[in-house]
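The values are calculated or read from the model by the stated rules, or taken from the named source; none is laboratory data. Just so it is clear, the structure is predicted and the values come from calculations on it, not from any experiment. Quick reminder, even Gly has a Cβ in these numbers, built from the backbone with ideal geometry, and neighbours come from all protein chains shown. What goes into the accessible areas is simple: the full protein's heavy atoms, side chains included, and nothing from ligands, DNA or RNA. Shrake-Rupley method; radii C 1.70, N 1.55, O 1.52, S 1.80 Å.
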Amino acid sequence: PAHRFPPRLPAHSTEAHRLAMYNFKKITAVPKGDEIIDVVLMRTQRKTPTVIHPGYKISRIRKFYMRKVKYTEQTCSEKLGVILSEFPRLDDIHPFYAALMNVLYDKNYYKIALGKVNMAKRTIANISQEYVRLLKYGDSLYRCKQLKRAALGRMMTCLKKLSASLGFLEELRKHLSRLPAIDPSTRTLILTGYPNVGKSSFMNNVTRADVPVDSYEFTTRSLYVGHMDYEYLRWQVIDTPGILDKPLEQRNTIEMQAVTALAHLQAAVLYFLDLSQTCDYSLEEQVALYYNIKPLFANKVLFLVANKVDLVRLEQLSDKHRELLQQVARDAGTPIMPMSNVTKEGVMSVRNAACAKLLDMRVEGKMASSRKATEVLNKVTVTRPKPRDDRARPAAIPEAVLQRRARRAAAAAAAAAAAEEEEDPSAAEAAGMDLEDETEGSGSGSGSGPQRRTQKEIQWDHGGPGRYMMPLHEHYQLEKDEWKTDIIPEIMDGKNIADFFDRDIEDRLNRLEEEEDALAAQAAASGGGAAGEGEEEESDLDEEDEALVRKIRDTRKVLRIRRAMKVGMNRSALPRTARSRPAAEVERELREAGLETE
């Protein structure tokens, strides 16, 4: 049949991005017709009741056989539905895969096979619906049983008729699972040309693939994919079978795979030419093939690769052949790149040039097709401030820095003058070094000014870590400096917390607790003494309120424990190095406490 392809999508189009790469390896195996029948009948027998008696009510007998018919229909629909859902629809996958499936297996046969499976699924559903309706009017066990047998028989007949279609789909699945995983949207290099011109050898040189190479034609009989890295990006290289110069309708399946890749993949095309003509095709025939498949190179990056320069170089060609190649190069708009797979001459140059040009083309296409760049540029504003007046605003340099610079300049001038008088260059260098030491020392606090003590030094003077607390109140920014030493700072209206503190509250609280204890003892004495020991104190609360009170008390207890744990966790642990104290200091503290040290 004539090969027809879906319309080619433009590069970076929205529709092309929507059609994701389909994974043919995830399609499960398609069972045969007899296997489906065995599975369906066995599952129906195991999953549905098997015992029925004539003495049962007729309604129960009807439901028994109706359940078997419905379950059989559901199992058949499930098996056939898996086949229909896993096999791709040609309109939902990338045009490259649709065309490749059309080349390998005619899409008409594929659609017919899936159509038969879908029709069988609908027929089985109609049979189930029809016989369930008849079973509603069954008047005896025998009649219901015969209706069930007829329904299952017709369903199994439909499945048996699918044997040919299921076999075709299984063979198609096996072939599709062996296809290489080609991503139509990624960066791709396609190698094309006559058979035996060096395409597979080039792919083996630039990728990690191992494509079989031999001296006879059509060594490559299908598409091969290899991967490589360029500019820290992953690239795929597709080695296509050789193409002969003949009309499209006369090309076989092997050649049509190469045509399909050229027609539907947006990639850089490397057209190989054999200058030595050892591929059994002359340069005129190779150039004629280029013009024959030239429409497939539209909107693609094209490179003309002159291979096998280790046998014949461009300069060694006749004038006729050189003029022919120059004409092809002018027509293609690209120079001819010499290369040799044997000596590796020019291999990496061809690869790098093709990748760089394709990368630039993809970036330009994305920039032209998307509005993101324009939207970002519209959001960016470059502000150029203008002077508001003629007033000069130089940099503000502290006075101390200016004085230090002046002293350094004066000292340097004096040292230079002294060196000139003594005619000793080393004296000037020594004076300069002394000056630098002096300025550095003054900057770090070791100069003429008082040296500032660090908090670490002060800490060790007061007993070390754990016994000294840094006076943070010295750095408070208050209105008056004498406020820094206040124990409690002012909070509002000239009053602090001490103004609101009752000094007698503890004594009053103790008296209140003593009074409560006395009242409780008096109540216990007036309540009957020993006679009331076994009785519980009466309460005005009901059971619900008492449960709520207990819950509140338990919650308060848990919160108190958590608060204590949290305080312990936030307390920083003292390191072992800081815990060491001199023995003399410990003895002195023990003697002051009135304890014997011996």
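Going residue by residue through the range 523-532, is there one that turns out to be in a helix (DSSP H, G or I), open to solvent by 100 Å² or more (accessible area, probe 1.4 Å) and either modelled with pLDDT of 80 or more or among the basic types (Lys, Arg) (or both)? Checking the range 523-532: not a single residue is in a helix (DSSP H, G or I), open to solvent by 100 Å² or more (accessible area, probe 1.4 Å) and either modelled with pLDDT of 80 or more or among the basic types (Lys, Arg) (or both). Only one of the listed residues (ALA396, ALA409) is assigned to a helix (DSSP H, G or I) and hydrophobic (A, V, I, L, M, F, W, C). That residue is ALA409. Of the residues in the range 385-394, at least one is open to solvent by less than 90 Å² (accessible area, probe 1.4 Å) and more than 27 Å from the chain's Cα centre (by Cα). Examine the range 333-347 for a residue that is assigned to a helix (DSSP H, G or I) and free of Cβ contacts under 8 Å to residues at least 24 places away in the same chain, and state whether such a residue exists. Within the range 333-347, not a single residue is assigned to a helix (DSSP H, G or I) and free of Cβ contacts under 8 Å to residues at least 24 places away in the same chain. Do we have VAL69 as of a type outside the set (Phe, Trp, Tyr) and at pLDDT 95 or above here? Considered against the rule, which asks whether it is of a type outside the set (Phe, Trp, Tyr) and at pLDDT 95 or above, VAL69 comes out as yes.
Within the range 213-240, the set of residues being closer than 30 Å to LEU359 by Cα, more than 36 Å from the chain's Cα centre (by Cα) and of a type outside the set (S, T, N, Q) comprises VAL213, ARG221.
Among residues belonging to the range 105-135 that are aromatic (Phe, Trp, Tyr) and assigned to a helix (DSSP H, G or I), point out the one that is surrounded by the fewest Cβ atoms within 10 Å (Cβ to Cβ). Filtering first and then ranking leaves TYR109.
Checking each residue of the range 88-96 against the condition of being assigned to a helix (DSSP H, G or I) and either open to solvent by less than 10 Å² (accessible area, probe 1.4 Å) or modelled with pLDDT under 90 (or both) gives at least one match.
Residues in the range 198-222 that are closer than 26 Å to LYS294 by Cα and touching a Lys or Arg at 6+ places or on another chain (Cβ under 8 Å): GLY198, VAL206, THR220.
Condition check ((1) surrounded by fewer than 19 Cβ atoms within 10 Å (Cβ to Cβ); (2) part of a helix (DSSP H, G or I)) across all residues:
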{"site": "GLY138", "(1), (2)": "no, no"}
{"site": "ARG143", "(1), (2)": "yes, yes"}
{"site": "ARG154", "(1), (2)": "yes, yes"}
{"site": "LEU159", "(1), (2)": "no, yes"}
{"site": "SER165", "(1), (2)": "no, yes"}
{"site": "GLU170", "(1), (2)": "yes, yes"}
{"site": "LYS174", "(1), (2)": "yes, yes"}
{"site": "SER185", "(1), (2)": "yes, no"}
{"site": "LEU189", "(1), (2)": "no, no"}
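Listed by first and then second residue, the pairs linking a residue in the range 30-59 that is of a type in the set (Asp, Glu) to a residue that is in a helix (DSSP H, G or I), with Cβ atoms under 8 Å apart and 6 or more places separating them unless they lie on different chains, are ASP34/LYS160; ASP34/SER163. For the range 31-86, a residue qualifies if it is β-branched (Val, Ile, Thr) and part of a helix (DSSP H, G or I), and the qualifying residues are ILE36, ILE37, VAL39, VAL40, THR44, ILE58, ILE61, VAL69, THR72, THR75, VAL82, ILE83. Which of the residues that make up the range 87-105 are within 28 Å of the chain's Cα centre (by Cα) and β-branched (Val, Ile, Thr)? The answer is ILE93, and nothing else. Remark: pairs (first residue in the range 136-154, touching a residue at least 24 places away in the same chain (Cβ under 8 Å); second residue in a loop (DSSP other than H, G, I, E, B) and open to solvent by less than 40 Å² (accessible area, probe 1.4 Å); Cβ separation under 7 Å; 6+ apart in sequence or on different chains) = LEU141/ILE52; CYS144/GLY138; LEU147/GLY138.
From the list GLU73, GLU78, the lone residue that is within 20 Å of VAL40 (Cβ to Cβ), acidic (Asp, Glu) and buried (at least 20 other Cβ atoms within 10 Å of the Cβ) is GLU73. THR219 - would you say it is surrounded by 21 or more Cβ atoms within 10 Å (Cβ to Cβ) and not aliphatic (A, V, I, L, M)? Considered against the rule, which asks whether it is surrounded by 21 or more Cβ atoms within 10 Å (Cβ to Cβ) and not aliphatic (A, V, I, L, M), THR219 comes out as no. Restricting ASP545, ASP504 to residues that are over 30 Å from SER580 (Cβ atoms), surrounded by 10 or more Cβ atoms within 10 Å (Cβ to Cβ) and modelled with pLDDT of 75 or more narrows the list to ASP545.
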